[in-house]
1. On the given criteria, is Gly54 surrounded by 14 or more Cβ atoms within 10 Å (Cβ to Cβ), without any contact (Cβ under 8 Å) to a residue 40 or more places away in the chain and more than 14 Å from Ala109 (Cα to Cα)?
2. Taking the options Gly49, Gly73, Gly100, name whichever one is within 17 Å of the chain's Cα centre (by Cα), free of Cβ contacts under 8 Å to residues at least 40 places away in the same chain and crowded, with 18+ Cβ neighbours inside 10 Å.
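Nothing in this text is a laboratory measurement; each read-out follows from the coordinates by a stated rule. These figures come from a predicted structure and were not determined experimentally. With ideal geometry, Cβ positions are generated from the backbone for all residues, glycine too; neighbour counts draw on all protein chains shown.
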Amino acid sequence: MELLRIMLRYTHLLGFAGVTFGIVSQWKHANKKITPTLLTSAVAQLLSGIALVGVLGSLDTDLNLSKISLKLGLAFVIVILATILRKKEISKLSYSLLLGLIISQSLIATFWN
């Protein structure tokens, strides 16, 4: 079970890295778009996060459900926005919103204990 937890954690971190790379890679482009890397990584991060919570719950780990719920909500919003906006060029507002959500998610994961 410990090996599964470690594999899920690294998959979750790789998903975060892909989401971050996917949004930052569009920083200087005039015509911003949702990259396949961003969308795939967001889905991978969402699914591995859900699985990770399930594994941690089965190990009788004390879970912070408020933090998990907030991160789950942010992850759903990121995946939904990325899915809706993937077919077209996105506005600066949409780009800034996605960037803000991704930064918020990482700050919550890092600093909320």
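1. The answer is no for Gly54.
2. Only one candidate passes the filter, namely Gly49.
Table: residues versus (1) more than 22 Å from Phe111 (Cα to Cα); (2) of a type in the set (Lys, Arg); (3) touching a residue at least 24 places away in the same chain (Cβ under 8 Å); (4) exposed (fewer than 13 other Cβ atoms within 10 Å of the Cβ).
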{"position": "Thr11", "(1), (2), (3), (4)": "no, no, yes, no"}
{"position": "Ala30", "(1), (2), (3), (4)": "yes, no, no, yes"}
{"position": "Asp60", "(1), (2), (3), (4)": "yes, no, no, yes"}
{"position": "Ser69", "(1), (2), (3), (4)": "no, no, no, yes"}
